[in-house]
1. Spelling out what I want: for every residue of the range 54-61, take phi, set θ = phi - 60°, compute 6.51 cos²θ - 1.76 cosθ + 1.60 (Karplus), and round to whole Hz; glycine and proline get x.
2. May I ask you to list the residues of the range 58-93 whose amide nitrogen lies under 19 Å from a point 7 Å from Cα along the Cα→beta-carbon direction of residue 264?
3. Sequence gap of 8 or more, or different chains, plus Cα separation below 27 Å: how many lysine pairs satisfy both in the range 83-149?
4. Taking amide H positions as placed 1.01 Å from N in the peptide plane, with prolines and chain starts having none, which residues 5 or more places from residue 192, or on another chain, fall under 5 Å of its amide H?
5. Is the range 192-250 best put as rounded, prolate or oblate by its Cα gyration tensor, with a ≥ b ≥ c the root eigenvalues, rounded for a/c under 1.5, and otherwise prolate when a/b is larger than b/c, oblate when not?
6. Run the simple label-point estimate for residue 139 and residue 102 please: 7 Å along Cα→C-beta, distance reported in nm.
7. Whole-Hz Karplus ³J(HN,Hα) for the range 207-218, in order, using 6.51 cos²θ - 1.76 cosθ + 1.60 and θ = phi - 60°, x for Gly and Pro?
8. To one decimal place, what Kirkwood hydrodynamic radius in Å is obtained for the range 47-115 from all pairs of distinct Cα atoms?
Amino acid sequence: MRLAPIAPLFAAAAALAAPVAPAAAQSAGDAPIVVTGERITDDEIGAFVEALTPTPVGGQIARFETQICPAALGLPAEQRAAVEARIRLVADAVGLRVADAKCAANVVVMVTRDKKALLATLGKKYPDFFAGLTPTERKRIRDEPGPVAAWQAGAVVNADGQRLAVEEGVAVNRTTRVGSRITAAARPTFAAAAVVVEVAALEGLTPTQLADYVVMRSFARTEPAKLAAAAPATILRVMDAPAGTAVPITLTEWDYGFLRGLYAAPPNLAAPAQRSAIGRTLERQLGGDADAKDPPRP
């Protein structure tokens with residue numbers, strides 16, 4: 001995704017957006033989660049991480065390696081500021097770099113009355129917003145059930161973190177590194193992420209819940225539908241939970257530990273090794289063994 005089309009999206013989203021009711025407003029980061037003790041098994045941790053890290057066979061789990069710059073569209077000013085501030089807070093806590101206020105947005109949440117109509121508008125007027133995605137990936141975005149659509153535009157970097165040059169349509173990796181059978185010579189990364197949410201799905205939710213959901217859908221290529229019905233509590237449930245169902249009021253310990261693990265894992269690993277590293281961090285988080293140097297949970 002090239003970042004140049006981001007600015008015109010404000011106008012495109014505003015035409016279809018509807019504001020969240022002011023009564024749902026809540027200041028960023030003011031909703032602590034109460035965690036009760038429970039016995040966690042390795043199988044539960046492994047299943048949770050596996051469900052949130054779909055990759056092709058032999059692939060790697062992508063993540064952001066650039067500074068995070070959030071933008072929220074289709075919300076009243078106060079709630080927009082709360083959502084953006086919360087995304088920045090969580091990004092910093094899980095190990096991402098955060099851009100200053102004057103930055104080009106690369107994590108965009110758009111609140112709209114009609115998800116399909118907005119996606120159609122973006123595809124017609126701003127096709128670069130989906131640059132780099134395959135036809136299959138674009139179809140998945142259009143057909144994602146429920147009130148949300150989320151996707152990332154990616155880039156490939158070499159083992160040193162330098163974006164690969166493209167010559168005659170072919171990515172070329174120029175490096176002096178010696179080849180390794182343990183680590184990869186290149187890895188996928190996120191260049192930008194977008195989350196489209198229908199306003200009807202936000203009834204009763206706070207800006208903190210919206211922001212934390214966006215974090216889980218944009219900082220990682222998660223698919224809530226892949227979670228088992230008996231999966232641990234996660235903010236990813238807030239959009240499809242039946243009316244009257246209790247849902248997390250912020251990131252859960254499972255969510256936070258997963259993101260911490262994802263962004264603390266060494267680069268250039270294959271997906272199985274990445275999942276093992278994520279699982280170890282998650283286990284420490286759930287067991288209350290987080291290092292004193294770790295940032296406090298938001």
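1. x, 9, x, 4, x, x, 10, 8
2. 61-65, 89-93
3. 9
4. Residues meeting the criterion, in which the H sits 1.01 Å from N, are 153.
5. Taking the square roots of the gyration eigenvalues as a ≥ b ≥ c, the range 192-250 is oblate.
6. Spacing of the two 7 Å Cα→Cβ label points: 4.6 nm.
7. Rounded to whole hertz, the list is x, 5, 5, 4, 4, 5, 5, 4, 4, 5, 8, 10.
8. It is 14.1 Å.
Coordinate-derived values only; no laboratory data. Remember, it's a predicted structure, so these values are computed and weren't measured experimentally. As a convention, Cβ positions derive from the backbone with ideal geometry for all residues, glycine included, and neighbour counts pool all protein chains shown.
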